[in-house]
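K.L.:
My structure is below; once you've seen it, I'll send some questions.
The values are calculated or read from the model by the stated rules, or taken from the named source; none is laboratory data. Given the structure is predicted, the values throughout are model-derived calculations rather than measurements. Note: ideal-geometry Cβ built from the backbone for every residue, glycine included; neighbour counts use all protein chains shown. SASA here: full protein model, heavy atoms, side chains in, ligands and nucleic acids out. Shrake-Rupley method; radii C 1.70, N 1.55, O 1.52, S 1.80 Å.
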Amino acid sequence: MQLLYFILICYGLTQIICYGKIFDDIRPKPESFAGLGILFHCSMCMGFHVGGFVYLLSCFSKLFIFEFNTIDMFFMACLSSGTSYILDKIIDDEGLRLK
């Protein structure tokens, strides 16, 4: 159950950062920052960084508790990246994409 919480939190945070209207004014354009702006428009890229960040914050939460380990942090960031991307491709603002 802890892993499911982690995945859903990472997916939600990734969606907010990549697509949330609240960040429209401060989200960099894809061509800005020598190409780093694309990070904020890619659910796979942002999902990786969100996964690492959420993993680091896990010591402050009781929803999921992970023992800190650099390799596990990398694996959890990869898990977040993959699941954020897959869920982003399956779900949009209208619900499930059934094409």
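K.L.:
Give me the pairs: first residue in region 69-91 and closer than 14 Å to Tyr55 by Cβ and among the acidic types (Asp, Glu), second residue modelled with pLDDT under 95 and not in a helix (DSSP H, G or I), beta-carbon distance under 7 Å, and six or more apart or on different chains, which are they?
P.N.:
If the second residue must be modelled with pLDDT under 95 and not in a helix (DSSP H, G or I), the pairs left are Asp72/Phe66.
K.L.:
While we're on this one: Could you tell me whether Thr70 is among the polar types (S, T, N, Q) and open to solvent by 70 Å² or more (accessible area, probe 1.4 Å)? Quick ask: steps written out before the conclusion?
P.N.:
Working: among the polar types (S, T, N, Q): yes; open to solvent by 70 Å² or more (accessible area, probe 1.4 Å): yes.
Here the answer is yes, as Thr70 does meet what is asked.
K.L.:
Another question about this same structure. Go through region 29-56 residue by residue and tally those that are farther than 16 Å from Asp72 by Cα and either aliphatic (A, V, I, L, M) or open to solvent by less than 20 Å² (accessible area, probe 1.4 Å) (or both). Steps first, please.
P.N.:
Just the residues of region 29-56 that are farther than 16 Å from Asp72 by Cα, to begin with: 29-46.
Then keep just the ones that are either aliphatic (A, V, I, L, M) or open to solvent by less than 20 Å² (accessible area, probe 1.4 Å) (or both); that gives 34, 36-39, 43-44, 46.
Qualifying residue count, region 29-56: 8.
K.L.:
List the residue pairs whose Cβ atoms are under 6 Å apart, where the first residue sits in region 49-66 and is in a loop (DSSP other than H, G, I, E, B), the second is open to solvent by less than 50 Å² (accessible area, probe 1.4 Å) and of a type outside the set (S, T, N, Q), and the two are 6 or more positions apart or on different chains.
P.N.:
Filtered contacts from region 49-66: Phe64/Phe6.
K.L.:
If we keep just the residues of region 21-48 that are small (Gly, Ala, Ser) and either within 16 Å of Tyr11 (Cα to Cα) or assigned to a helix (DSSP H, G or I) (or both), which is nearest to the chain's Cα centre (by Cα)?
P.N.:
Gly47
K.L.:
Answer yes or no as to whether Lys99 is modelled with pLDDT of 90 or more and open to solvent by 100 Å² or more (accessible area, probe 1.4 Å). Break it down stepwise before answering.
P.N.:
Values: modelled with pLDDT of 90 or more: no; open to solvent by 100 Å² or more (accessible area, probe 1.4 Å): yes.
No.
K.L.:
Is it true that Leu13 is surrounded by fewer than 17 Cβ atoms within 10 Å (Cβ to Cβ) and assigned to a helix (DSSP H, G or I)? Give the derivation first.
P.N.:
Numbers: surrounded by fewer than 17 Cβ atoms within 10 Å (Cβ to Cβ): no; assigned to a helix (DSSP H, G or I): yes.
Against the criterion (surrounded by fewer than 17 Cβ atoms within 10 Å (Cβ to Cβ) and assigned to a helix (DSSP H, G or I)), Leu13 does not qualify.
K.L.:
Say whether the condition of being β-branched (Val, Ile, Thr) and modelled with pLDDT of 85 or more is met by at least one residue in region 28-43. Show your work before the answer.
P.N.:
First, pick out the residues of region 28-43 that are β-branched (Val, Ile, Thr): 38.
In the following step, the residues that additionally are modelled with pLDDT of 85 or more were identified as none.
Within region 28-43, not a single residue is β-branched (Val, Ile, Thr) and modelled with pLDDT of 85 or more.
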